1. Calculated FRET efficiency, Gln143 and Arg100, Cβ-Cβ r, R0 30 Å, to nearest 0.05?
2. Can you list the HN-Hα couplings for the range 105-113, worked out from phi with the Karplus curve (6.51, -1.76, 1.60; θ = phi - 60°), rounded to whole Hz and with x for Gly and Pro?
3. Name the long-range amide H neighbours of Asp124: under 5 Å, sequence gap of 5 or more, or other chain; modelled H, no Pro or chain starts.
4. Please list, in order along the range 134-148, the HN-Hα scalar couplings obtained from phi with the Karplus expression 6.51 cos²θ - 1.76 cosθ + 1.60 (θ = phi - 60°), rounded to whole Hz, x for Gly and Pro.
5. Once you list every other residue whose beta carbon is under 14 Å from the beta carbon of Gln148, what net charge do they have if Lys and Arg are +1 and Asp and Glu are -1?
6. Counting only Cα, what are the radius of gyration and maximum Cα-Cα distance Dmax of the range 23-162, in Å?
7. Near the amide H of Leu104, under 5 Å away, which other amide H atoms are found, from residues 5 or more places off or on another chain, if H is placed in the peptide plane?
8. How much net charge surrounds Glu139 when only other residues with a Cβ under 11 Å from its Cβ are counted (Lys, Arg +1; Asp, Glu -1)?
Amino acid sequence: MTRAAALCLMLSLSACGLSPMYGGGSSGAVATSLNSIQVSPIPERAGWLVRHALVDRLGGESGNPSYRLEVKLDDDLTGFGIRGDAAVTRERRTLRARYRLVDLGTGEVVLDATAGTDAGIDVDSSEYATVAAEQTAQERLAQVIADQMVSRLALFMRHSKSQ
C-alpha cells in the first residue's frame with residue numbers, strides 16, 4: 001500500500017509543471033539573463049554594500065549587458081525605547097530599495113519593484129559598540145535586500161524567457 005501511494009505521489013509531482021529556477025546551472029536561461037544585468041552605482045555606504053552584494057549574486061560584471069539595474073536606497077536609523085533621562089536604549093535601522101530594470105535595447109523599464117527590511121539595535125553605553133552594531137546591521141540588511149532583489153529579478157527573467 002505504501003509503495004503504491006509513493007508511486008502515485010511521484011507521478012503526480014512530475015505532472016505538476018514545477019521546474020527548477022536555475023535549471024541548467026550557470027549556463028541556464030535564468031542564470032545567463034541575470035549575468036546580463038549591469039548594476040548602476042548606488043551612492044553612500046549602504047549603496048556600495050548593496051551594489052557589491054548584487055554584483056556578486058548576479059554573477060559578476062557583464063561585459064555585454066542587456067539590462068541596467070537602477071537602485072535608490074532609503075537608509076533610516078530611528079531611536080526609540082527612550083529612558084526617563086531621554087537617553088535612547090534601542091534603535092531600528094530600516095533599509096528600503098526601489099529598483100528598476102531597464103532594457104538597454106529599448107530603454108523601456110521592464111520591472112519596477114521595491115524591497116525592504118529592518119533590524120533592531122541595542123544602544124550600549126559604549127558609543128563605539130553602538131556604532132559597530134549600527135554598521136553590522138547595515139551590512140546584514142544590504143545582504144537581505146540584495147537577496148530579495150535577485151529573487152525577484154530571477155522570477156522576472158524566468159517568466160520573460162518562458163513566453
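Here, each number is a calculation from the coordinates, and none is a lab measurement. Only a predicted model underlies this, so the values are computations on that prediction, with no experimental measurement involved. With ideal geometry, Cβ positions are generated from the backbone for all residues, glycine too; neighbour counts draw on all protein chains shown.
1. 0.90
2. x, 10, x, 7, 7, 9, 8, 10, 8
3. Residues meeting the amide H criterion: Thr130.
4. These are the phi-based 3J(HN,Hα) values: 5, 5, 4, 4, 4, 5, 5, 5, 4, 5, 5, 4, 4, 4, 4 Hz.
5. Spelling it out: positives minus negatives among the neighbours equals +3.
6. Radius of gyration, then largest Cα-Cα span, for the range 23-162: 18.0, 60 Å.
7. Tyr67, Arg68
8. Around Glu139, the charge tally is +2.
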